[in-house]
1. Residue 87 passes all but one of (1) within 30 Å of residue 372 (Cβ to Cβ); (2) buried (at least 19 other Cβ atoms within 10 Å of the Cβ); (3) at pLDDT 95 or above; which number fails?
2. In the range 61-68, is there at least one residue being surrounded by fewer than 17 Cβ atoms within 10 Å (Cβ to Cβ), modelled with pLDDT of 95 or more and touching a strand residue (DSSP E or B) at 6+ places or on another chain (Cβ under 7 Å)?
3. Does residue 239 satisfy the condition of being out of contact with any strand residue (DSSP E or B) (no Cβ under 8 Å at 6 or more places or on another chain), modelled with pLDDT under 90 and either surrounded by 14 or more Cβ atoms within 10 Å (Cβ to Cβ) or farther than 22 Å from residue 356 by Cα (or both)?
4. Can you confirm whether the range 25-41 contains a residue that is out of contact with any helix residue (DSSP H, G or I) (no Cβ under 6 Å at 6 or more places or on another chain), surrounded by 15 or more Cβ atoms within 10 Å (Cβ to Cβ), free of Cβ contacts under 8 Å to residues at least 40 places away in the same chain and part of a strand (DSSP E or B)?
5. Return the total of residues in the range 331-357 being free of Cβ contacts under 8 Å to residues at least 60 places away in the same chain and surrounded by 21 or more Cβ atoms within 10 Å (Cβ to Cβ).
6. Which strands (runs of 3 or more DSSP E) sit wholly inside the range 373-469 and have at least 2 residues that are within 15 Å of residue 247 (Cα to Cα)?
7. Mind checking which residues of the range 259-273 are more than 13 Å from residue 437 (Cβ to Cβ), touching a helix residue (DSSP H, G or I) at 6+ places or on another chain (Cβ under 8 Å) and in a helix (DSSP H, G or I)?
8. Could you pull out the residue among 436, 452 that is farther than 25 Å from residue 252 by Cβ and surrounded by fewer than 23 Cβ atoms within 10 Å (Cβ to Cβ)?
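The values are calculated or read from the model by the stated rules, or taken from the named source; none is laboratory data. Keep in mind that what you see is a predicted model, and the values were worked out from it rather than measured. Ideal geometry is used to build each Cβ from the backbone, glycine not excepted, and the neighbour counts take in all protein chains shown.
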């Protein structure tokens, strides 16, 4: 394949790329994300594959190999000279379809196939960088799943990609499309997503001197007194990854209304109230599972990913790219038994993060690191950076605007997604909102995390979320 232009990774992508390489060295598995989409009815697989090819041609990072420049030592996407032809070949390779609609065990088989196909050996050097699976299921349902290396895009980008595939399917169906399903919605054709090379400069408007000041601030740490003793839920489990475990919870509108009412009752007011409440539920679940196993730790540390504040914002952003920062929340053991106290502590830490421009300072650190050669970046990640102290992942994301309500002519019923973390902690709860529903997916690394322990953790999180321990 003849290669032409390059699209560099943004600073956050470069961090995920270095982290991907680190995981490959330590566990032989990279950092791969997934998103599930459930729909009503059945779609023509040829239509889905053609729509995927058209979306890939419009956004060729999805098919581009990732190359490290010999001159600069930095990675970039290498866009093929003829993206249309390359996209057709990539779609044929990346798309699979299984017709299980007549299988009495169809729902069990799709779960098994999803586990088997969650490949953690991903060849970044060849592409394609997205895989799309289609499963026709009993009960007139279809499940789609996309997987991708996290360094290519975040959950918001994945939604834009799904919307673009849906847009391309509308074009292929044309104005006189057949009524593929009686309840399929009629939706207006969405405008194209911006091209892949229109990356957002998070630090736009900041001079070099301001960026360097933010960089220094990113390494400053407030005095916290005596260093706490942090103990993992299991002994050191840096073992070779054999597979990923996954469990999913879906809460219906009536349950979500009760969850929201409880959140308003026990969580301090302010922005991201529901996300803060769900984070508090995860901390409470951690505290309980630690107690059940008789392990005492001075504090519990979890991530809290968010979008950085931008001086220039785009309503519709490009598909590729990660635009995330993540303060690490630290909740002391003496606080973790009280949901209201956890909420107050989370609000205090997030307010401190915002008022000190912690998001821009964190971005300035990865911006400065993005000038490093890939091998030097690998060495930087081997330095103690605090990641090894995490007890759990955590994230919450909502829907893009406009939201995804149809896909390949079918009515979308739900979507959710997630991805693994390195071991430790080796498990990662991800909440997502779809319309008036709430999802939880928990992904864990086998055999580092035993299945029974992971399912107990998910059960405790659910109990905390529903307020019924």
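1. Exception for residue 87: condition (1).
2. yes
3. yes
4. Looking through the range 25-41, none of the residues is out of contact with any helix residue (DSSP H, G or I) (no Cβ under 6 Å at 6 or more places or on another chain), surrounded by 15 or more Cβ atoms within 10 Å (Cβ to Cβ), free of Cβ contacts under 8 Å to residues at least 40 places away in the same chain and part of a strand (DSSP E or B).
5. Here the count works out to 2.
6. Details: elements: 395-397, 410-418, 427-434, 437-446.
The qualifying strands (runs of 3 or more DSSP E) are 410-418, 427-434, 437-446.
7. 262, 263, 264, 266, 273 - these are the residues of the range 259-273 that are more than 13 Å from residue 437 (Cβ to Cβ), touching a helix residue (DSSP H, G or I) at 6+ places or on another chain (Cβ under 8 Å) and in a helix (DSSP H, G or I).
8. Result: 452 is the single residue among 436, 452 that is farther than 25 Å from residue 252 by Cβ and surrounded by fewer than 23 Cβ atoms within 10 Å (Cβ to Cβ).
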